[in-house]
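Chemist: One structure, pasted below without further comment.
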Amino acid sequence: MKATVHVTLKNGVLDPQGKAIEHTLSGLEFKGINEVRQGKFIELDINETDPAKAREQIDAMCRGLLANTVIENYEIEIIE
Amino acid sequence: MSETPNKITAEIVAEHGLSEEEYQLVLEIMGREPNITELGIFSVMWSEHCSYKSSKKWLKTLPTEAPWVICGPGENAGIIDIGDGQAAIFKMESHNHPSYIEPYQGAATGVGGIMRDVFTMGARPIANLNALRFGRPDHPKTRHLVHGVVEGIGGYGNCMGVPTVGGECEFDKSYDGNILVNAMTVGLASTDKIFYSAAAGIGYPVVYVGSKTGRDGIHGATMASTEFTEATEDKRPTVQVGDPFTEKLLLEACLELMATDAIVAIQDMGAAGLTSSSFEMASNGGVGIDMNLDAVPQREENMTAYEMMLSESQERMLMVLHPGKEDMAREIFEKWELDFAIIGKLTEPDESGTGHMVLFHKGEKIADLPIDPLAAASPEYDRPWVPTPARETLKPSEVKAPDNLMAALKTMLGGANGSSRRWIWEQYDHMVMADTVQRPGGDAAVVRVHGTKKALAMSSDVTPRYVFADPVMGGRQAVAESWRNLTATGARPLAITDNMNFGNPQRPEIMGQFVGACEGIADACIALDFPVVSGNVSLYNETNGTGILPTPTIGGVGLLDDVSKTVGVGFGGEGQAIVIIGETAGHLGQSQYLMEIIGRDGLSADDGAPPNVDLALERKNGDFVRAEIISGAASACHDISSGGLLVALAEMAMASNMGATIEDLSGASTPIHAWAFGEDQARYIVTTSDPEEMLERAEKSGVYATLAGTVEGQELTIGTAHSISVAELKDVHENWMPDFMSHPEAH
C-alpha cells in the first residue's frame with residue numbers, strides 16, 4: 001500500500017528556509033510574492049493492506065521520526 | 001481598550017504566574033485594574049527569569065569589583081580590561097527548559113541569545129563554550145536530547161562563524177526530566193567602543209532592527225520559571241526557531257553602526273522580547289517611552305499588542321539613536337537585508353519621577369505603565385531557607401579498595417562521566433577564525449586575541465555532587481577549579497560569569513543550597529581576586545517535585561600576555577620529570593571513585609563530605625604553577641580534579657601518547673586507591689626537564705611539591721605492581737561516547 005505524508009511547519013513558527021526561497025525568488029525578479037513557507041513531502045510503500053492499520057502505522061512513524069511535532073504538523077494520505 | 005473583552009479574573013492572573021499578593025501590588029501600582037496587555041507585561045517582568053525575585057537578595061552578596069572590571073552584573077554581559085585599549089565581554093546563560101522541549105532549536109537559540117548579549121555591548125564574539133548536563137545514559141530520552149542539543153549548538157555557532165572551544169558534558173539521573181544547557185560567549189571590544197542599555201535624550205527615536213516579530217515562544221520567560229509536570233510536557237508550547245544567518249547579518253550591521261557615533265543605547269531582545277528590552281532601557285535611563293506597535297515589523301497577520309510585547313522572536317534589537325542619524329542607520333541595516341523601524345520616542349518622567357511606557361496600537365492608547373515600580377521595584381523575596389546538614393568526612397579506610405587499580409582506572413576513564421567528549425566537540429567548528437591555540441579537551445581553551453601575542457583562556461566548571469553535599473564548599477570548589485583550569489594554561493584568571501541552576505526556591509532546602517553556593521562562590525571570588533561580572537539564574541529545575549543537583553556553573557576568563565608561553569595537558573617530552581604540586585591526603589568522600597567504582601549516588605550522608613577547599617593554599621599553589629609555566633620551566637600542566645591523581649596522569653598520557661613511570665607514594669594513612677583517586681584540592685601535575693631547581697623554588701615559596709616519576713615508554717606504571725598501556729586506556733576513553741550515541745534508539 002502506498003501513502004504520502006506532508007510535513008509543514010505549524011502556524012507562526014519561523015521558517016528560515018521559506019524566507020530564503022522568497023528572498024531568492026524576489027532576487028530573480030519574480031514579482032508579487034507575499035510569503036513562502038516550505039515543508040517536506042514523503043512517499044511510503046508499506047506491506048500493510050488495511051487502510052486504517054496503515055494510517056495507524058504511519059501516524060506512529062510521523063510522531064516518532066518524520067515530523068517534529070513540537071513545531072511541525074503532518075498530514076497522511078493513503079493511496080490504494 | 002479593544003483587547004480586553006474580559007475582566008481580569010483570578011484564573012487569568014494565575015495563568016500569568018502571578019500570586020495573589022503580586023496581583024494586589026499590580027493593582028496598587030496601576031491604581032486601577034490592568035488590561036490583558038498590561039497584565040502580560042507585569043507577568044513577564046516579574047517572572048523569576050526577568051526579575052530575579054528569589055535570588056536578588058543573595059546575588060547582591062557576590063563580589064563584583066576589581067581594578068580590571070569595566071562593567072559588572074546588571075548589563076547584558078560583564079566587561080573586563082585586558083590592556084592595550086581592549087576589553088573582553090562575556091556571559092553565560094541557561095536555555096534549559098526550551099532545550100528539553102525542543103533540543104535542537106532550544107540549544108540553538110540559547111547560543112544565539114548569548115551571542116547577542118555580547119555583541120549588543122560592542123564586542124565581536126570570538127569563542128563559545130557550553131556546559132551541558134543530561135539525565136542518566138540509559139534514560140529513554142537522553143540520547144535524543146544529546147543529539148539535538150549538540151547539533152543545535154553546532155548549527156548556530158558554526159553558521160555564525162564563531163568557534164565553540166570548550167565546555168562540559170555530564171550525565172546524572174537528577175537531570176532525567178530537566179536537562180541543563182548553559183551557553184557562554186566571550187567577545188572582544190575596544191574599551192572606547194562599549195555600548196550600554198541606559199536610554200537618554202528626551203524625544204530621541206527608539207528603533208527596532210533585525211528580524212520581524214512573530215508569535216514565537218509567547219510566554220517563554222514565564223515558562224522558564226515554572227516547574228515541569230507531565231501536563232506541561234504535553235502542552236508543547238510554541239518554541240522559538242532561530243536563524244543564525246540572520247543573526248550573522250545582525251552582528252555585522254550592529255558592529256558597522258557601532259563604528260559611527262549614532263547609538264545612544266542598545267539592548268537585545270531576549271526573554272520577554274520587546275517588553276524587557278524597552279523596560280530595561282527606559283528604567284536604566286530614568287525616562288519613559290511612547291511606542292507605536294503598528295510600526296513594529298510583523299511576520300504574521302492580526303498580531304495583538306499582547307502578542308507583540310511578549311513575543312520571543314529571535315535576532316532582534318532595540319536601540320535609541322541620536323536624532324538625525326536615522327537615515328544613515330537605516331541604510332546600514334537595509335544593506336544587510338534587515339528590518340529597520342522607528343517605533344517610538346523617549347519621553348519625560350512624570351511628576352513622581354518615573355517614566356511611563358505608553359503603547360499605541362491601531363490608533364488607540366492601549367497600555368500605560370509606570371516603569372520604575374514595575375522594573376526597578378519588582379518583588380524581591382527573602383525566601384525561607386535551611387542550611388544543608390553537614391556531613392562527616394569519610395576516612396580512606398572506610399572506602400573499599402578496588403580488586404585491581406588499573407582496571408578501576410579503565411572503568412572511570414571509559415564511563416559516562418570520565419570519557420572523552422571528542423564526539424561532541426568535533427561536531428563544532430572549534431578552529432574557525434584561526435585563533436584557537438588550545439583546543440577542547442584540555443583544562444581550558446586558549447584563544448588568541450587576533451593580531452596580538454595576547455590570548456584569553458576560558459573554561460566552565462562545577463562539580464554538582466560536591467555542591468549537593470555541601471553547598472558552601474561546592475560553591476568554593478567550582479570557582480577554585482575554574483581558577484585552577486585557567487592557571488594550568490599559564491593564564492592569569494581575571495573574572496567569572498555564574499550560571500546558577502537550581503530547583504524550586506520555594507522549598508527551604510533548595511533555597512538553602514542556593515544561599516550556601518552564593519556564600520562559597522563569594523568566599524572564593526574574594527580570596528582569588530576573581531570577581532563575578534555577569535550571570536544568570538535558572539530556578540525551578542525540577543520535574544514532579546524532584547530537583548536537579550544544585551549546579552552553579554562557573555565560566556572563567558583569564559589572560560595570557562604572551563600566548564607562546566602557554567602549555568597543554570600532554571606530557572612535555574620523553575624523559576622529563578613529573579612533579580606533583582600540592583599535598584595528597586586521599587579524600588574519597590563524594591569522589592568519582594565512590595560513584596563509579598563503589599556505585600554510590602552521592603545523595604546520602606554516608607557518602608561523605610566533599611573535599612575541603614583551602615583558598616589560601618589554592619592561591620599559593622596556583623601562583624607558583626603559573627610562574628613556572630610563564631618562565632618556561634614547566635613544559636605541561638594539568639590540574640587534578642574529578643578522578644584524582646591517577647585520572648589526571650592518564651589524561652596527560654593520552655593527550656601526548658606517552659607513558660610514565662610513577663613512584664608509589666601511598667602510605668599507611670593513604671592507601672593506594674585513596675592516593676590514586678582522592679580528590680584533594682589545590683593540586684596540579686607538571687612536567688619539567690629540571691626537577692631539582694623546580695623543587696628548590698617550591699620549597700622557597702613554601703609550596704608542597706613532590707617528584708613523582710618520569711615520562712617514558714608506552715605504559716602508565718605505578719610502583720612495581722600496577723601497569724596499563726596508554727593505548728588501551730585511550731581506546732576505552734575515546735569509545736564510550738561514540739558507542740553510546742550510535743546505539744540504536746531504545747524505544
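So that you can scan it fast, the table gives a plain yes or no per residue for (1) assigned to a helix (DSSP H, G or I); (2) touching a helix residue (DSSP H, G or I) at 6+ places or on another chain (Cβ under 8 Å); (3) open to solvent by less than 10 Å² (accessible area, probe 1.4 Å):
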{"residue": "B:P505", "(1), (2), (3)": "no, yes, yes"}
{"residue": "B:G520", "(1), (2), (3)": "yes, yes, yes"}
{"residue": "B:A524", "(1), (2), (3)": "yes, yes, yes"}
{"residue": "B:F530", "(1), (2), (3)": "no, yes, yes"}
{"residue": "B:S534", "(1), (2), (3)": "no, no, yes"}
{"residue": "B:L549", "(1), (2), (3)": "no, yes, no"}
{"residue": "B:S564", "(1), (2), (3)": "yes, no, no"}
{"residue": "B:V567", "(1), (2), (3)": "no, yes, no"}
{"residue": "B:G570", "(1), (2), (3)": "no, yes, no"}
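Chemist: Residue pairs, Cβ under 8 Å, 6 or more apart or interchain, first in segment B:50-74 and more than 11 Å from B:P531 (Cα to Cα), second open to solvent by less than 30 Å² (accessible area, probe 1.4 Å) and acidic (D, E). List them.
Modeler: Filtered contacts from segment B:50-74: B:S54/B:E48; B:S55/B:E48.
Chemist: Please count how many residues of segment B:91-140 are among the polar types (S, T, N, Q) and more than 14 Å from every other protein chain (Cβ to nearest Cβ).
Modeler: Summing the residues that are among the polar types (S, T, N, Q) and more than 14 Å from every other protein chain (Cβ to nearest Cβ) in segment B:91-140 gives 5.
Chemist: When you check B:M328 against the structure, is it more than 34 Å from the chain's Cα centre (by Cα) and within 14 Å of chain A (Cβ to nearest Cβ), yes or no?
Modeler: Working: more than 34 Å from the chain's Cα centre (by Cα): yes; within 14 Å of chain A (Cβ to nearest Cβ): no.
Taking the combined requirement at face value, the residue does not satisfy it.
Chemist: Can you say whether B:L359 is open to solvent by less than 50 Å² (accessible area, probe 1.4 Å), under 30 Å from B:T720 (Cβ atoms) and in contact (Cβ under 8 Å) with a residue 12 or more places away in the chain, as far as the supplied structure shows?
Modeler: On the way: open to solvent by less than 50 Å² (accessible area, probe 1.4 Å): yes; under 30 Å from B:T720 (Cβ atoms): no; in contact (Cβ under 8 Å) with a residue 12 or more places away in the chain: yes.
Answer is no for this residue.
Chemist: Oh, and also: Can you tell me which of (1) in a loop (DSSP other than H, G, I, E, B); (2) open to solvent by 10 Å² or more (accessible area, probe 1.4 Å) is the one B:A634 doesn't meet?
Modeler: Looking at each condition in turn, B:A634 falls short on (2).
Chemist: Here is a follow-up. From B:S666, B:S641, B:S591, grab the single residue that is in contact with a helix residue (DSSP H, G or I) (Cβ under 7 Å, 6 or more places away or on another chain) and modelled with pLDDT under 95. Can you show your working first?
Modeler: Details: B:S641 fails: modelled with pLDDT under 95; B:S591 fails: modelled with pLDDT under 95.
Going through B:S666, B:S641, B:S591 in turn, just one is in contact with a helix residue (DSSP H, G or I) (Cβ under 7 Å, 6 or more places away or on another chain) and modelled with pLDDT under 95: B:S666.
Chemist: From the set of residues in segment A:40-80 that are assigned to a loop (DSSP other than H, G, I, E, B) and of a type in the set (S, T, N, Q), which is surrounded by the most Cβ atoms within 10 Å (Cβ to Cβ)?
Modeler: My answer is A:N68.
Chemist: Having 2 or more residues that are of a type in the set (A, V, I, L, M, F, W, C) and open to solvent by less than 80 Å² (accessible area, probe 1.4 Å) is the bar; report the strands (runs of 3 or more DSSP E) wholly within segment B:686-747 that clear it.
Modeler: Those strands (runs of 3 or more DSSP E) span B:705-711, B:715-718.
Chemist: Can I ask one more? Report whether or not B:K7 is among the charged types (D, E, K, R) and open to solvent by 40 Å² or more (accessible area, probe 1.4 Å).
Modeler: Details: among the charged types (D, E, K, R): yes; open to solvent by 40 Å² or more (accessible area, probe 1.4 Å): yes.
So B:K7 passes the test.
Chemist: Evaluate segment A:46-64: report whether one residue or more is over 24 Å from B:Y156 (Cα atoms), within 14 Å of another protein chain (Cβ to nearest Cβ) and modelled with pLDDT under 90. First the steps, then the outcome.
Modeler: Within segment A:46-64, the first condition is being over 24 Å from B:Y156 (Cα atoms), and the residues that meet it are A:46-64.
So of that shortlist, the ones also within 14 Å of another protein chain (Cβ to nearest Cβ) come out as A:60-61, A:63-64.
Subset that is modelled with pLDDT under 90: A:64.
The answer is yes; a qualifying residue exists.
Chemist: Can you name the residue in segment B:267-303 that is of a type in the set (A, V, I, L, M, F, W, C) and assigned to a helix (DSSP H, G or I) and is also surrounded by the most Cβ atoms within 10 Å (Cβ to Cβ) among such residues?
Modeler: This residue is B:A282.
Chemist: For segment B:30-47, name all the residues that are part of a helix (DSSP H, G or I) and open to solvent by 10 Å² or more (accessible area, probe 1.4 Å).
Modeler: Matches in segment B:30-47: B:M30, B:I36, B:M45.
Chemist: Follow-up question, since we're still on this one. Going through B:T185, B:T213, B:T164 one at a time, which residue ends up being in contact (Cβ under 8 Å) with a residue 12 or more places away in the chain and within 14 Å of chain A (Cβ to nearest Cβ)?
Modeler: Among B:T185, B:T213, B:T164, only B:T213 is in contact (Cβ under 8 Å) with a residue 12 or more places away in the chain and within 14 Å of chain A (Cβ to nearest Cβ).
Chemist: Any idea which residue in segment B:58-107 is surrounded by the most Cβ atoms within 10 Å (Cβ to Cβ), counting only those that are aliphatic (A, V, I, L, M) and assigned to a strand (DSSP E or B)? First the steps, then the outcome.
Modeler: Initially, segment B:58-107 is screened for residues aliphatic (A, V, I, L, M), giving B:59, B:62, B:66, B:69-70, B:77, B:79-80, B:82, B:87-89, B:92, B:101, B:107.
Next cut, assigned to a strand (DSSP E or B) only: B:69-70, B:79-80, B:87-89, B:92.
Working: B:V69: 18, B:I70: 16, B:I79: 29, B:I80: 23, B:A87: 23, B:A88: 29, B:I89: 31, B:M92: 27.
So, considering only residues that are aliphatic (A, V, I, L, M) and assigned to a strand (DSSP E or B), the one surrounded by the most Cβ atoms within 10 Å (Cβ to Cβ) is B:I89.
Chemist: Let me ask something else about it. So which residues in segment B:703-747 are within 24 Å of B:V625 (Cβ to Cβ), in contact with a helix residue (DSSP H, G or I) (Cβ under 9 Å, 6 or more places away or on another chain) and hydroxyl-bearing (S, T, Y), if there are any at all?
Modeler: Selection gives B:Y704, B:T706.
Chemist: Moving to a separate point now. Give me the residue from segment B:334-354 that is modelled with pLDDT of 95 or more and open to solvent by less than 30 Å² (accessible area, probe 1.4 Å) and, out of that set, farthest from the other protein chains (Cβ to nearest Cβ).
Modeler: So, considering only residues that are modelled with pLDDT of 95 or more and open to solvent by less than 30 Å² (accessible area, probe 1.4 Å), the one farthest from the other protein chains (Cβ to nearest Cβ) is B:T347.
Chemist: Within segment B:304-325, which residues are assigned to a strand (DSSP E or B), more than 13 Å from chain A (Cβ to nearest Cβ) and not β-branched (V, I, T)? Give the steps one after another, and end with the answer.
Modeler: Going through segment B:304-325, the residues assigned to a strand (DSSP E or B) turn out to be B:316-321.
From what's left, more than 13 Å from chain A (Cβ to nearest Cβ): B:317-321.
Of everything in segment B:304-325, those that are assigned to a strand (DSSP E or B), more than 13 Å from chain A (Cβ to nearest Cβ) and not β-branched (V, I, T) turn out to be B:M317, B:L318, B:M319, B:L321.
Chemist: Of the residues that make up segment B:641-655, is at least one surrounded by fewer than 23 Cβ atoms within 10 Å (Cβ to Cβ), over 25 Å from B:L588 (Cα atoms) and either within 34 Å of the chain's Cα centre (by Cα) or not basic (K, R) (or both)?
Modeler: yes
Chemist: Looking only at residues that are farther than 24 Å from B:E102 by Cα and in a strand (DSSP E or B) in segment A:1-39, which one is nearest to the other protein chains (Cβ to nearest Cβ)?
Modeler: This residue is A:A3.
Chemist: Is it true that some residue in segment B:122-129 is buried (at least 24 other Cβ atoms within 10 Å of the Cβ) and either over 27 Å from B:E315 (Cβ atoms) or out of contact with any Gly (no Cβ under 7 Å at 6 or more places or on another chain) (or both)? Break it down into steps so the answer makes sense when it comes.
Modeler: Quick first cut of segment B:122-129, residues buried (at least 24 other Cβ atoms within 10 Å of the Cβ) only: B:122-123, B:125-129.
Going one step further and asking which of them are either over 27 Å from B:E315 (Cβ atoms) or out of contact with any Gly (no Cβ under 7 Å at 6 or more places or on another chain) (or both), we end up with B:122, B:127.
Yes, that holds for at least one residue.
The values are calculated or read from the model by the stated rules, or taken from the named source; none is laboratory data. Remember, it's a predicted structure, so these values are computed and weren't measured experimentally. In this analysis, Cβ positions are derived from the backbone assuming ideal geometry, glycine residues included, and neighbour counts consider all displayed protein chains. The protein model used for the area step is the full one, side chains on, heavy atoms only, and it has no ligands, DNA or RNA in it. Shrake-Rupley method; radii C 1.70, N 1.55, O 1.52, S 1.80 Å.
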